[in-house]
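Worksheet for the structure shown next.
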Amino acid sequence: MRAVCWFGRSDVRVEQVPDPQIINPRDAIVKTTLTAICGSDLHLYDGYIPTMKKGDILGHEFMGKVVEVGPEVKNLRPGDRVVVPFSISCGQCYFCQHGMYSLCDNSNPNAQMAENMYGYSPAGLFGYSHLMGGYAGGQAEYVRVPFADIGPLKIESGLGDEQVLFLSDVFPTGYMAAENGNIQQGDTVAVWGCGPVGQLAIKSAYMFGAARVIAIDDVPFRLEMARTQGQAETINFQEQRVLETLRDMTGGMGPDVCIEATGMEGQGRGLVGFYDRVMQAMRLETGRPVALREAIVACRKGGTVSIAGVYGGFANMIPMGAAFNKALTIRMGQTHVQKYMQPLLNRIQEGKIDPSFIITHRMQLNEAPQAYQMFRDKQDDCVKVVLRP
Amino acid sequence: MNSQSSRSFKLNLGNINVGDSERVISVIGGSALLLYGMFRRGLRGTLTTLLGGLLLYRGTVGRCPVYQSLGVSTARSPQELARMRHQQGVKLDESIVVNKTPQEAYQFWHDFSNMSRFMNYVEQVQDQGGGRSHWVAQVPGGIRMEWDAELIKDKPNDMISWQSVPGSDVNQAGSVHFEPTPDGRGTRVELHLDYVPPAGPLGHAVVNLLGPDPMNQIKENMRRFKELLETGEIPTTQGQPTGSPQAQTTTIPGQKGPGQGQQGTMSQQGQQGNMSEQGGTQSQQRTVSQQGGAQTQRTGRGSSGRSGTGK
């Protein structure tokens, strides 16, 4: 089969690889019908995530048809149409049973590696380095899905692939980021980042009762999408000073909730931006948490900062003093996709939201190398690329 | 004099018949007499020297020809020596919390055949009835070890202890304890293992069994136990596809192998493992070769895919 494989910085290739097999009794094999490139895939593309090996198959947003099931999978049959969550969860550990699927105890074969870094290991992920399990990802013709009785969501309605694909990652991620913000009716929410997760966080913020959503980015097309699709007010941080603008827009108080949806490759300016780049080049800092710093400082006293991520290692110069003295709540985490899939699918089926609005490019799996480069460089007004195998 | 004892001067554990403290006294006394006799003239001197020499010999070598002819031994048996060296053996302790009741955890452990499903290098454990079990382990390098173990204590839902039978290749004593956690989140399972590696080539193999980092290995064993008990399988990526066309070396810490039940055809050949340490974490080097040329075509499957066995 063909699969998108990582070969180093800015080097992804479509390779001919063996088909996946059923290995464990709760596995299933899914034939991919649609898959996407995630913003966090760009961290892999840019070489910021350690423990990658040449040849690793990428991709964690995918859906398709079940073609084979292991003997212990009773709820799926070949022919079923499914969307697969990007994190792999067993369903039986303490965390899975309490809805914290991204914290599964039992799905990371390299748990020890993660423990050494984090204290305890989170769940394994598709296509996201050996630290997270080293599972072959979903930008491929076929994918082996472990714990298939827990993860994949059956789609039985007539909805198109593009309408449901984002239940695999970005929609639950944006939704959980909004939920983590503890948004109250009438709140003002500021969202850093107008990529796919940011766009869906904007929509989700309104779902939770926000009165105003202010979106921050510097890509004109993405800001435009936030305005027309998300009904958000926007700030272009290249043209305006974010902190002052937010203060003015909120009557001097600052936003109640700040959602950080840019991740570890923030666009730094000035001396701090320079510091970040140097630190990162020297591997003394693994992320450039520019948006996070700004969100902490911008947030009103007693407010909540919600971090959608992704962070892998260490971040320097976090304004802890600001966070402490303003009594902020900071919530974060990898998405508990399985928890949100069905409720969000219901909303899509009820016509309340169609996440496919974020798609700007539809390409073939074989065009993945070009797609990655275009997505990374934000060329051609790119927001979200979907790939058809 | 016995012809056998006159031949060999090699230290041989099996033929020692003089106890340790006695050997010390023999050496001291023998050296003294030897020196004394060397400075005496006449028959008394010669006899003293000879006696001293004999005492020195039996003390050094540990074998007394007189005892041998009498069929007497004041030395401890190799098994006893092994048990005495308990202090010098390897003691391992590890605990883990499983999201199961003490009863479920106890029942799983009580079926010793489950041990081979998660303990590193243990190939098979057979229940022989009457509290006895037969263990088979295969260590990298091809050395195969087998030993029998017997149950010592068995308190349902509370604890189990066992010990390898005297004369075994591997001296192992172990106990596992089950205790409900105070917050009701499950059961705390605590494992204690004592190993006394025997001397000789098998001692080496037992060291391999434990690995260069035994504490780490027992930790990984317990992790796999939890995974198996909670989910029915052990997470793995062995046998999954990858883009590297040639044989690729993948560093994966302590992976046991594919789970139970269905084992799809794994595109692995010539798998070998050798333990190496990397900055505190234990890792295994495995050579995973991919079938670069042979491609499985799934185009024919469509909606009539089979469930069950892989290729």
- If ligands, DNA and RNA are left out, what is the accessible area of A:His98 with a 1.4 Å probe, given in Å² to the nearest 10? 110
- Among the GluC sites (Glu not before Pro) in the stretch A:123-188, which ones are in a DSSP loop with at most 14 other Cβ atoms within 10 Å of the Cβ? Mind listing them? A:Glu156
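Compute the length gained on full extension between A:Met363 and A:Arg227: take 0.36 nm times their separation in residues and subtract their Cα-Cα distance, giving the result in nm to one decimal. Don't skip to the end; give the middle numbers.
Numbers: separation 136, 0.36 × 136 = 48.96 nm, distance 2.59 nm.
Using 0.36 nm per residue and subtracting the Cα-Cα distance, I get 46.4 nm.
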- Alpha carbon centre of the stretch A:51-83 versus the stretch A:109-142: separation in Å? 16
- Task: Bin width 5 Å, alpha-carbon pairs only: give the P(r) of the stretch A:91-139 as whole percents, running from 0 to the bin holding the largest distance.
- Result: 6, 26, 27, 23, 15, 3, 0
- Message: For the pairs A:Lys53/A:Lys339; A:Lys54/A:Lys154; A:Lys339/B:Lys226, flag any whose C-alpha to C-alpha distance is greater than 26 Å.
- Response: A:Lys53/A:Lys339; A:Lys54/A:Lys154
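Shielding of B:221-228 by partners, i.e. mean partner chain Cβ atoms within 10 Å per residue? The partial results should precede the final answer.
On the way: counts 0, 0, 7, 3, 0, 3, 9, 1.
Taking the mean over all residues of the peptide, I get 3.
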- Paramagnetic label zone (point 7 Å from Cα along Cα-to-C-beta, A:Gln184; backbone N under 20 Å) in the stretch A:215-248: A:247
- Note on the structure: Diffing the stretch A:139-152: the Karplus 3J(HN,Hα) column from phi (6.51, -1.76, 1.60, θ = phi - 60°), in whole Hz with x for Gly and Pro, holds 8, 7, 6, 9, 9, 8, 10, x, 6, 5, 7, 10, x, x
- Query: Taking the Cα-to-Cβ direction at A:Glu350 and at A:Asp11 and moving 7 Å from each Cα, how far apart do the two end points lie in nm?
  - Reply: 5.0
- Item | Rounded to whole Hz, the Karplus (6.51, -1.76, 1.60) HN-Hα couplings of the stretch B:147-155, x for glycine and proline | 7, 9, 10, 10, 6, 9, 10, 9, 10
- Item | Nonlocal amide H pairs with A:Val191, under 5 Å, H built at 1.01 Å | A:Ile214, A:Ala215, A:Ile216, A:Ile259
- Message: Using protein chains only and a probe of 1.4 angstrom, how many square angstrom of A:Arg81 are accessible, to the nearest 10?
- Response: 50
- Task: Please give the net charge around A:Cys90, taking every other residue with its beta carbon less than 10 angstrom from that of A:Cys90, where Lys and Arg add +1 and Asp and Glu add -1.
- Result: -4
- Message: What distance in nm lies between label points placed 7 Å from Cα along the C-beta direction at B:Ser116 and A:Thr329?
- Response: 5.4
- Cα-projected label distance for A:Met253 with B:Asp213, points at 7 Å along beta-carbon direction, nm: 5.3
- lysines near A:Lys301 by alpha-carbon distance under 21 Å, same-chain residues fewer than 8 away left out - which ones? A:Lys326
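As an exercise, identify the trypsin sites (Lys or Arg not before Pro) in the stretch B:34-71 lying in DSSP coil whose Cβ has no more than 12 other Cβ atoms within 10 Å. Kindly include the intermediate steps, with their values, before the conclusion.
On the way: sites: B:Arg40, B:Arg41, B:Arg44, B:Arg58, B:Arg63; in loops: B:Arg40, B:Arg41, B:Arg63.
Sparse-neighbourhood loop trypsin sites (Lys or Arg not before Pro): B:Arg41.
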- Once the Cβ-Cβ distance between B:Val165 and A:Gln373 is put in as r, and R0 is 56 Å, what FRET efficiency do you end up with, to the nearest 0.05? 0.30
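Ranked by accessible surface with a 1.4 Å probe, highest first, in what order do A:Lys74, A:Lys384 come?
Details: A:Lys74 155, A:Lys384 0 Å².
I get A:Lys74, A:Lys384, largest accessible area first.
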- Take the Cβ-Cβ distance between B:Ile28 and B:Leu50 as r, set R0 to 22 Å, and report the resulting FRET efficiency rounded to the nearest 0.05. 0.80
- Item | Sequence-distant residues sharing a close amide H with A:Gly137 (under 5 Å, placed H) | A:Ile57, A:Leu58, A:Gly127
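Going through the stretch A:185-277, which GluC sites (Glu not before Pro) have at most 16 other Cβ atoms within 10 Å and a DSSP loop state? Display every interim value, and only then the final one.
On the way: sites: A:Glu224, A:Glu233, A:Glu239, A:Glu244, A:Glu260, A:Glu265; in loops: A:Glu239.
Filter output for the stretch A:185-277: A:Glu239.
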- Item | Ranked by how many other beta carbons lie within 10 Å on average, peptides A:85-94, A:356-365 from highest | A:85-94, A:356-365
- Message: Could you tell me the calculated FRET efficiency between A:Gln240 and A:Met317, based on Cβ-Cβ distance and R0 = 22 angstrom, to the nearest 0.05?
- Response: 0.45
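The values are calculated or read from the model by the stated rules, or taken from the named source; none is laboratory data. This is a predicted model, so every value here is computed, not measured. Virtual Cβ from ideal backbone geometry, glycine too; neighbours counted across all protein chains shown. Areas reflect the complete protein model, heavy atoms only, side chains present, ligands, DNA and RNA absent. Shrake-Rupley method; radii C 1.70, N 1.55, O 1.52, S 1.80 Å.
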